[in-house]
1. Give the stretch 40-82 a look and list any residue that's farther than 16 Å from residue 11 by Cα and among the polar types (S, T, N, Q), or say none.
2. Scan the stretch 1-29 residue by residue and report those that are in a loop (DSSP other than H, G, I, E, B) and modelled with pLDDT of 80 or more.
3. Starting from residues that are of a type in the set (D, E, K, R) and at pLDDT 90 or above, keep the ones in the stretch 30-46 and report whichever is surrounded by the fewest Cβ atoms within 10 Å (Cβ to Cβ).
4. On the basis of being modelled with pLDDT of 90 or more and of a type in the set (Ser, Thr, Tyr), does residue 56 make the cut?
5. Go through the stretch 55-74 and count every residue that is under 13 Å from residue 18 (Cα atoms) and either buried (at least 16 other Cβ atoms within 10 Å of the Cβ) or not small (Gly, Ala, Ser) (or both).
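The values are calculated or read from the model by the stated rules, or taken from the named source; none is laboratory data. These numbers were taken from a predicted model, which means no experiment stands behind them. Methodologically, a virtual Cβ is constructed for each residue, glycine included, from the backbone with ideal geometry; neighbour enumeration extends over all protein chains shown.
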Amino acid sequence: MLRVAKDLKEPIYFIEVQSYKNADIYLNLLMKVAIYLKQNDSAQNWFGVVIYERRSLEPEKSESYEWLLNTGKILRIYLDEIDLAAERNLGIGPSQADRRKGKKCRILCQTANCSNTVRIDG
């Protein structure tokens with residue numbers, strides 16, 4: 001998914017949601033970024049967000065993409081580690097705790113103002 005910037009000064013956000021182990025997730029994300037920038041505006045600033053259902057789904061560290069993770073261009077979020085207190089502040093009560101995993105992505109997107117997204121298949 002891609003959050004389209006309304007202003008060219010704003011960065012573009014590429015969002016990947018992972019609920020299974022994928023050793024090539026960062027390579028796939030980087031390829032989508034490169035293709036989009038080549039076809040549109042290569043000078044556009046961008047950030048990637050990878051949302052994992054749980055930390056154990058993140059691939060093992062690899063020198064191939066470790067440099068990318070160290071640039072600050074990729075934010076990693078682990079849904080199973082999000083604080084329940086933060087969810088309650090966003091209006092989700094304890095009675096909905098059994099369904100919170102499915103709602104965490106929506107909460108994150110609302111918080112990040114990602115309502116304007118389009119899907120990019122790669």
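1. 56, 62, 64, 70
2. 10, 11, 19, 20, 21, 22, 23, 24
3. Looking only at the stretch 30-46, we keep the residues that are of a type in the set (D, E, K, R), and these are 32, 38, 41.
The next check asks that each one be at pLDDT 90 or above; those that pass are 32, 38.
Numbers: 32: 18, 38: 9.
Among those residues, the one meeting the criterion is 38.
4. Values: modelled with pLDDT of 90 or more: yes; of a type in the set (Ser, Thr, Tyr): yes.
Yes, satisfied.
5. Result for the stretch 55-74: 4.
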